[in-house]
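*Asks:* Got a structure for you, questions after.
The values are calculated or read from the model by the stated rules, or taken from the named source; none is laboratory data. Computed from a predicted structure; not experimentally measured. Neighbour counts are summed over all protein chains in view; Cβ atoms, including those assigned to glycine, are modelled from backbone coordinates with ideal geometry. Heavy atoms of the whole protein, side chains included, go into the accessibility calculation; ligands, DNA and RNA do not. Shrake-Rupley method; radii C 1.70, N 1.55, O 1.52, S 1.80 Å.
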Amino acid sequence: MNVVKDNLDNQTALLRVTVGEADYKEQVEKQLKEYKRKANIPGFRPGMVPMGIISKMYRKSVVADQAYRQATDAALEYVRTNGIETVGDLMPSDKQGELDFDNQTDLEFVFEIGLAPEVVLALTKKNTLTKYVIEPNDDMRKGFRSNYMRRFGKLVDVDVVSEDEALTGTLTQGDVRIEDAYVGLISMDEAGRKPFIGRKVGDAVEVDVNVIYKTPSQRASILGVKESELDGMDPKYTFTITQIRKFAEPELNEEFFKLAFPAGDVTTPEQFEHRIDEQVRSELARETEFKFTNDLRKYLLEKTALPLPEPFLKNWLYQVNESKFTMEAIEQEFPQFLDMLRWDLIRRQVMKDNRIEITQDDVKAEAKEVAMMQFQYYGMHTVADDMLDNFVNSILGNKEEVRKIYDKVGERKVVDAVSAQIKVNEKQVTPEEFQKLV
């Protein structure tokens, strides 16, 4: 087996791999014996077909297959042992010559590889970048506080409809009477709420069920019919109010704190307001870090301006996707693909230069963070340890999720490493100013 590398002008190289009979003969004979064992040919008992017939039928294709396998393995091993940094995959070259598998024993296979550019960062404190730190305002704190309180509040009876109450009543239309119909004003716009404002228990309101119940499934459920039966039905009903309820926030007392914070780490209104502020700042910090990571990524992409073998990569994308995408579609997304590839090269170089490693503890800690964010999304800011551990284990059992976590942890460590080598100027901005920046 012999491998020769020829560098080309377009940031690619050819690998010419010569495979001799000694390299593939053993595997060819083994494969032919397996064919002989399984062959089912009329006139011969199973396993008794002469090897001459088997060889005539299959040897050429088996030689081609095994020689190509040996050549591919040798090319990949050559790249690995010689430390050649590549982009894309090993590709058969259009410079491949004709191969005579009937008469040749030494076979030359030609592959093409894309050569990765050298990544030189040379970062110093002269390189500067701004990190925009969002300062929370009272409206944001109020919003977080309201969401938190709503989870532990309750509906109480009130006398008059004023804004976004929950109404219970009776729908009537001629002889049709539907008791305990529910109308939630909170899900309506101002125009939908208007007919109810100022009404009291016992008042009758003319309604259109298509307006107060937005989806066919809701209307069918309330009216007690199938969705297919809604067409042609008169949507006009009279709604007589029997109960008006409004959400009331809980009192900040011992009962509330025990329920909302079973760990006992929040027991006073002051501690509660401090916790709300922490949660707001934590959420804003994620926004800050997300933008800073994007800004840093863009900065390094522009600074390095890494050249790539674009024609090779376009062809590789087309071939590796088995023509699922047209070349026109690939061209459209190609600039984004190039930046993604360049960023991956930069990340790998930063990790290598700074000896960055991703440990199992890093992965588990990030999985725990992901799990907590999921619980918080559904309003659960305090989660029992066993429930959290079970969710973390389910995340770690998903290979795709683990891959995402590795990428996220790796990117964060790269950002931290680069940030320590350059000058980062922090600038306080309001949420409104931040939105304009992004």
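*Asks:* Dipole of the stretch 115-164, Cα-centred, from +1 at each Lys and Arg C-beta and -1 at each Asp and Glu C-beta, to the nearest 20 debye?
*Replies:* 460 debye
*Asks:* For Cα Rg over 2.2 N^0.38 Å, several values are listed as [x] 0.93; [y] 1.55; [z] 2.32; flag the one computed from this structure.
*Replies:* Computing Cα Rg over 2.2 N^0.38 Å and matching it to [x] 0.93; [y] 1.55; [z] 2.32 gives [y].
*Asks:* Still on this structure: Per residue and in cubic angstrom, what volume does the convex hull of the Cα atoms of the stretch 47-204 have? Walk me through the numbers on the way to the answer.
*Replies:* Details: hull volume 82.1 nm³, N = 158.
About 519 Å³ per residue, rounded to a whole number.
*Asks:* Once you charge only the Cβ atoms, +1 for Lys and Arg and -1 for Asp and Glu, what is the size of the charge dipole of the stretch 165-306 about its Cα centre, to the nearest 20 debye?
*Replies:* 400 debye
*Asks:* Among 268, 41, 233, flag the residue with its Cα farthest along the positive direction of the charge dipole of the chain, charges on Cβ as +1 for Lys/Arg and -1 for Asp/Glu.
*Replies:* The one lying farthest along the dipole's positive direction is 41.
*Asks:* If you don't mind, another one. Where nothing but the Cβ of Lys and Arg (+1) and of Asp and Glu (-1) is charged, how large is the charge dipole of the stretch 157-198 around its Cα centre, in debye to the nearest 20?
*Replies:* 180 debye
*Asks:* Taking every pair of alpha-carbon atoms in the stretch 125-263, what share in percent sits in each 5 Å bin, from 0 to the bin with the longest distance?
*Replies:* In whole percents, the pair-distance histogram is 2, 8, 14, 15, 13, 11, 9, 8, 6, 4, 3, 2, 2, 1, 1, 0, 0.
*Asks:* Show 413, 60 ordered by accessible area, largest first, where the area counts protein heavy atoms only and the probe is 1.4 Å.
*Replies:* From most exposed to least exposed: 60, 413.
*Asks:* Work out the charge dipole of the chain with +1 on the Cβ of Lys and Arg and -1 on the Cβ of Asp and Glu about the Cα centre, then indicate which of 167, 280, 15 is farthest towards its positive end.
*Replies:* So the residue we want is 15.
*Asks:* Still on this structure, please answer the following. For the chain, calculate the relative contact order in percent as a whole number, restricting contacts to Cα pairs under 8 Å that are 6 or more residues apart.
*Replies:* Answer for the chain is 19 percent.
*Asks:* Where a Cα-Cα gap under 14 Å defines reach, which aspartates and glutamates qualify for residue 236, not counting those fewer than 8 residues away within the same chain?
*Replies:* The reachable aspartates and glutamates, counting only those whose Cα sits under 14 Å from residue 236, are 175, 206, 208.
*Asks:* Moving on. I'd like the accessible area for residue 57, computed on protein heavy atoms only with a 1.4 Å probe and all protein chains in place. Round to 10 Å², please.
*Replies:* 100 Å²
*Asks:* Follow-up. By how many degrees, between 0 and 90 and to the nearest 10, does the Cα long axis of helix 360-377 differ from the longest principal axis of the chain?
*Replies:* With both axes taken from Cα atoms, the answer is about 30 degrees.
*Asks:* So, one more: Just flag the chymotrypsin sites (Phe, Trp or Tyr not before Pro) in the stretch 1-97 sitting in loop per DSSP whose Cβ has no more than 14 other Cβ atoms within 10 Å. Please report the intermediate quantities before stating the final value.
*Replies:* Details: sites: 24, 35, 44, 58, 68, 78; in loops: 44.
Passing both the DSSP loop test and the Cβ count: 44.
*Asks:* Right, something else. How far is helix 138-152 tilted, in degrees, relative to the longest principal axis of the Cα atoms in the chain, given as a value from 0 to 90 rounded to the nearest 10?
*Replies:* Around 80 degrees separate the two axes.
*Asks:* Also: Classify the stretch 371-435: rounded, prolate or oblate, from the alpha-carbon gyration tensor (a ≥ b ≥ c, eigenvalue square roots; a/c under 1.5 rounded; otherwise prolate if a/b is larger than b/c)? Intermediate results must be reported in sequence, preceding the final value.
*Replies:* On the way: a/c = 2.96, a/b = 1.49, b/c = 1.99.
The shape class here is oblate.
*Asks:* Which Cα, out of 202, 149, 417, lies furthest along the positive dipole direction of the chain (beta carbon charges, K/R +1, D/E -1)?
*Replies:* 417
*Asks:* Ok, one more. Could you tell me which of the pairs 60/324; 154/200; 298/427; 314/404; 352/423 are separated by over 23 angstrom between their Cα atoms in the structure shown?
*Replies:* In this structure, 60/324; 314/404 lie more than 23 Å apart at Cα.
*Asks:* What fraction of the Cα pairs in the stretch 223-368, stated in percent, has a spacing above 28 angstrom?
*Replies:* In whole percent, the long-distance tail amounts to 63.
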